[in-house]
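Have a look at the structure below before the remarks.
The values are calculated or read from the model by the stated rules, or taken from the named source; none is laboratory data. Since this is a predicted model, take the numbers as computed values, not measurements. Neighbour counts are summed over all protein chains in view; Cβ atoms, including those assigned to glycine, are modelled from backbone coordinates with ideal geometry.
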Amino acid sequence: MILFQINEGVMRYGELKRAVTGISEKMLIQELNMLVENKLVSKKVYPEIPPKVEYRLTELGLKTLPIVDQLAQFGLQNLV
């Protein structure tokens, strides 16, 4: 869901939190950190107050989009 939301753009943490409904803040942070560790998402932190953090898909992450799209379509067709 996070990869699908970021897609080809850049999203800040607050935008992701609003876009990914039903996820706790703790779980969203854990998932984002895991995606960054696995090089699917890049994280850019700006030295500002309040902190500004942006997330975008890496080249590897962009390659997953067709797979994510197919999974979403499967879910819509079969898991209703």
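Take the conditions surrounded by 10 or more Cβ atoms within 10 Å (Cβ to Cβ), free of Cβ contacts under 8 Å to residues at least 40 places away in the same chain and basic (Lys, Arg) and apply them to LYS43. Does it pass? First the steps, then the outcome.
Values: surrounded by 10 or more Cβ atoms within 10 Å (Cβ to Cβ): yes; free of Cβ contacts under 8 Å to residues at least 40 places away in the same chain: yes; basic (Lys, Arg): yes.
When the stated conditions are applied, LYS43 passes them.
Looking only at residues in region 46-62 that are part of a helix (DSSP H, G or I) and not acidic (Asp, Glu), which one is surrounded by the fewest Cβ atoms within 10 Å (Cβ to Cβ)?
Initially, region 46-62 is screened for residues part of a helix (DSSP H, G or I), giving 59-62.
Filter once more, keeping what is not acidic (Asp, Glu): 60-62.
Details: LEU60: 11, GLY61: 23, LEU62: 15.
Here the residue is LEU60.
The rows are residues; the columns are (1) at pLDDT below 90; (2) out of contact with any Asp or Glu (no Cβ under 9 Å at 6 or more places or on another chain); (3) of a type in the set (Val, Ile, Thr).
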{"residue": "ASN7", "(1), (2), (3)": "yes, yes, no"}
{"residue": "GLY14", "(1), (2), (3)": "no, yes, no"}
{"residue": "SER24", "(1), (2), (3)": "no, yes, no"}
{"residue": "LEU62", "(1), (2), (3)": "no, no, no"}
{"residue": "ASN78", "(1), (2), (3)": "yes, yes, no"}
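Please work out if MET34 is out of contact with any helix residue (DSSP H, G or I) (no Cβ under 7 Å at 6 or more places or on another chain) and at pLDDT 95 or above. Before you say what the answer is, go through the steps one by one.
Values: out of contact with any helix residue (DSSP H, G or I) (no Cβ under 7 Å at 6 or more places or on another chain): yes; at pLDDT 95 or above: yes.
Yes.
Given the criteria free of Cβ contacts under 8 Å to residues at least 40 places away in the same chain and of a type in the set (Lys, Arg), does ARG18 qualify? I'd like the intermediate steps shown before the answer.
Numbers: free of Cβ contacts under 8 Å to residues at least 40 places away in the same chain: yes; of a type in the set (Lys, Arg): yes.
Answer is yes for this residue.
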